[in-house]
Amino acid sequence: MSTKPSFINELALPAIAAPMFLISGPKLVTECCKNGIVGTFPALNQRTSEGFEEWLIEIKTELDKFEKETGKKPAPFGVNLIVHPTNPRLEADIKLCVKHKVPIIITSLGAVSMVVDAIHSYGGLVFHDIIKKRHAEKAQEAGVDGLILVAAGAGGHAGTINPMTLVAEVKKFFHKTIILSGCISTGRDIASALQMGADLAYMGTRFINTDESKASDEYKKMIIDAGANDVVYTASISGVHANFLGASLKAAGITEEDLKKDTKIDFGKELDTEAKAWKTIWSAGQGSAMIDNSVPVAELISDLKAEFKSAIENQIMVLEKYPK
Ligand SMILES: Cc1cc2nc3c(=O)[nH]c(=O)nc-3n(C[C@H](O)[C@H](O)[C@H](O)COP(=O)(O)O)c2cc1C
């Protein structure tokens, strides 16, 4: 029996638009789902659990309406929950996910069987973020349905391991869904993720530069202007290593000395401070190097599909050339 969920085969592209703090909301999510890829957002993008529930209702209503009007089934949507003792909203937000039967839950920081059991109670799926093998083993023990492998160069809280090694190492013992994250900006990158052994590609930075994201025009321009070397990896902004646009650090007056400091993470008291930091210091991955526009989600997904198809066709041509 396949251990991979059936929705993967119904997508227009094997891709998830990753949840992004202060960037993703209902518009981005629903446009992704309508165009055949998974749309997601962090629960903490709403300041309260009440606000979070409003977004859940808005997304479900919009997607139901789309299905009724077009007869097309939208892709499932997902919510990111920070599973950390300092997140005071965790219990209330899980209850809302259960109440509204959120199809996919993405857990960050902690993988706990209590969350997995709650989501499985209504048939939901849990995918968990990891940056190293040890975290993957713990998440497997907690019973998650899939792992999101956050490799080097990713936007947000990123790892340091090369994607090829990370996928190969985790696939040795984890046989459920593998999702690869980090610098996936083009349709060819999605095809490469599948070649490496992933079932799905997880794309963050690329979706900042869409009409439906909440990012400012200045932020989007900074991504267009950035090369891989303009992205800085530091723990000094939020206590966990993350990638930021160097130009935004400079504009905020952050010095080399500041970048060496480690801050303590706290998603309760510090959420406002964290939000203030991420509002002025902009996160993006090294994949910015391959982003040179900002377009509506529908156009982006259409371009990604064309690039993906052409990359796979090129692979078939390579096969004709080499197995001699
Ligand atoms: C601005 C920004 C904010 C992010 N916020 C979150 C978040 O709140 N929760 C989360 O699980 N991941 C977050 N991430 C990480 C993404 O979900 C994803 O792992 C990453 O963007 C993938 O790498 P890429 O940006 O190179 O495509 C964020 C990434 C960015 C760029």
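The values are calculated or read from the model by the stated rules, or taken from the named source; none is laboratory data. Given the structure is predicted, the values throughout are model-derived calculations rather than measurements. Positions of Cβ are generated from backbone atoms using ideal geometry, with glycine treated the same way; all protein chains shown enter the neighbour counts.
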> Among (1) farther than 26 Å from residue 226 by Cα; (2) in contact with a Ser or Thr (Cβ under 9 Å, 6 or more places away or on another chain); (3) among the hydrophobic types (A, V, I, L, M, F, W, C), which single condition is residue 291 missing?
Replying inline: (1)
> Is it the case that some residue within region 84-100 is crowded, with 19+ Cβ neighbours inside 10 Å, closer than 29 Å to residue 193 by Cα and either in contact with a helix residue (DSSP H, G or I) (Cβ under 6 Å, 6 or more places away or on another chain) or free of Cβ contacts under 8 Å to residues at least 40 places away in the same chain (or both)?
Replying inline: no
> Residues of region 8-44 being polar (S, T, N, Q) and either in contact with a Phe, Trp or Tyr (Cβ under 6 Å, 6 or more places away or on another chain) or in contact (Cβ under 8 Å) with a residue 60 or more places away in the chain (or both), which ones?
Replying inline: 24, 35, 40
> For residue 117, are the conditions met, namely being charged (D, E, K, R) and surrounded by 24 or more Cβ atoms within 10 Å (Cβ to Cβ)?
Replying inline: no
>> So for region 112-134 (the condition being farther than 27 Å from residue 295 by Cβ, modelled with pLDDT under 95 and either hydroxyl-bearing (Ser, Thr, Tyr) or not in a helix (DSSP H, G or I) (or both)), does at least one residue qualify?
In response: yes
> Taking region 100-129, which residues are in contact with a Lys or Arg (Cβ under 7 Å, 6 or more places away or on another chain) and away from the ligand (no atom under 16 Å from the Cβ)?
Replying inline: 100, 122, 124
> Does residue 142 satisfy the criteria of being surrounded by fewer than 22 Cβ atoms within 10 Å (Cβ to Cβ) and touching a Ser or Thr at 6+ places or on another chain (Cβ under 8 Å)?
Replying inline: yes
> Which number in (1) modelled with pLDDT of 95 or more; (2) out of contact with any helix residue (DSSP H, G or I) (no Cβ under 7 Å at 6 or more places or on another chain); (3) assigned to a loop (DSSP other than H, G, I, E, B) marks the one condition that residue 310 misses?
Replying inline: (3)
>> Among the residues of region 139-184, what is the count of those that are of a type in the set (D, E, K, R) and more than 17 Å from residue 78 (Cβ to Cβ)?
In response: 4
> What number of residues within region 13-39 satisfy the criterion of being crowded, with 24+ Cβ neighbours inside 10 Å, β-branched (Val, Ile, Thr) and within 17 Å of residue 65 (Cβ to Cβ)?
Replying inline: 1
> Looking at region 258-282, which of the residues that are outside any helix (DSSP H, G or I) and at pLDDT 85 or above is nearest to residue 150 (Cα to Cα)?
Replying inline: 282
> If you check 149, 125, which single one turns out to be over 22 Å from residue 243 (Cβ atoms) and buried (at least 21 other Cβ atoms within 10 Å of the Cβ)?
Replying inline: 125
